[in-house]
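*Asks:* Please find one structure pasted underneath; my questions will follow.
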Amino acid sequence: MTFATQPFDAAEFLDSPEMVSAYLDVALAEDDPALFAAALGDIAKARGMSDIARSAGVTREALYKALSEKGDPRMSTLFGVIKALGLKVKVVPEGA
């Protein structure tokens, strides 16, 4: 028996601030910078990559590359994307 599969696109499910926050929390918990960047890319895709790129001060192509699993974005790009998404970074003690 064969099964038909479809590619999974997380961007289809990132439709609320709560879902976005939970998705990024899970990505951060993995301690994998590439995974976190890719998660930001999924969110930017859900919100409109061109608009996010413009707000973050980078080209759309550069943003796609930086937020891919093989990308290595600069801190300024990460902070620009986070701000463009209407998010903020908060650091808390581990275990809090």
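*Asks:* Going from the alpha-carbon gyration tensor of the chain, what semi-axes, largest first and in whole Å, does one get by taking the root of 5 times each eigenvalue?
*Replies:* Numbers: eigenvalues 97, 69, 36 Å².
Those come to 22, 19, 13 Å.
*Asks:* Which of the GluC sites (Glu not before Pro) found in segment 1-69 are in a DSSP loop and have at most 13 neighbouring Cβ atoms, other than their own, within 10 Å?
*Replies:* On the way: sites: E12, E18, E30, E61, E69; in loops: E30, E69.
Qualifying residues, ordered by number: E30, E69.
*Asks:* Let me ask something else about it. Can you tell me how much longer the chain between A22 and K90 gets when fully stretched, taken as 0.36 nm per residue apart minus their C-alpha distance, in nm with one decimal? Working shown, then result.
*Replies:* Working: separation 68, 0.36 × 68 = 24.48 nm, distance 1.38 nm.
Length difference between fully extended and current span is 23.1 nm.
*Asks:* Could you grab the relative contact order for the chain? Cα pairs under 8 Å, six or more apart, rounded to a whole percent. Please list the in-between numbers first.
*Replies:* Numbers: 82 pairs, mean separation 23.7, N = 96.
RCO, the chain: 25 percent.
*Asks:* Could you let me know the centre-to-centre spacing of segment 1-70 and segment 72-91, using Cα atoms, in angstrom?
*Replies:* 13 Å
*Asks:* Hey, another quick one. Mind jotting down a quarter of the surface of the convex hull over the alpha carbons of segment 34-81, in square nanometres, one decimal? Write down the numbers at each step before the final one.
*Replies:* Details: hull surface 10.3 nm².
That works out to 2.6 nm².
*Asks:* Comparing R47, R60, R74, which has the greatest mean-square fluctuation in the GNM of the chain with Cα pairs linked when under 10 Å apart?
*Replies:* Highest fluctuation of the listed residues: R74.
*Asks:* Still on this structure: If each DSSP helix of 4+ residues adds -39,500 (n - 2.57) and the sum is divided by the residues in the chain, what number results at 222 nm, nearest 500 deg cm²/dmol? Before the final figure, lay out each step's value.
*Replies:* Values: 5 runs with 53 residues, N = 96.
Calculated from helices alone, the mean residue ellipticity at 222 nm is -16500 deg cm²/dmol.
*Asks:* What's the magnitude of the charge dipole for the chain around its Cα centre, counting Lys and Arg as +1 and Asp and Glu as -1 at the beta-carbon? Answer in Debye, nearest 20. Can you show the working numbers first?
*Replies:* On the way: 10 positive and 14 negative charges, 111 e Å.
For this selection, approximately 540 debye.
*Asks:* As an exercise, use a Förster radius of 30 Å and the Cβ-Cβ distance of L35 and D15 to find the FRET efficiency, rounded to the nearest 0.05.
*Replies:* Working: r = 21 Å, r/R0 = 0.70.
That gives a FRET efficiency of 0.90.
*Asks:* Within 10 Å, at most 11 other Cβ atoms, and a DSSP state outside H, G, I, E, B define an exposed site. Report the longest part of the chain free of exposed chymotrypsin sites (Phe, Trp or Tyr not before Pro). Show your work: numbers first, answer last.
*Replies:* Details: sites that count: F3, F8.
Longest site-free region, per DSSP loop and neighbour criteria: 9-96.
Bear in mind that the values in this text are calculations on the coordinates, not laboratory data. On a predicted model such as this, the values are computed, not experimentally measured, just so you know. Glycine gets a Cβ as well: all are built from the backbone with ideal geometry, and neighbour counts include every protein chain shown.
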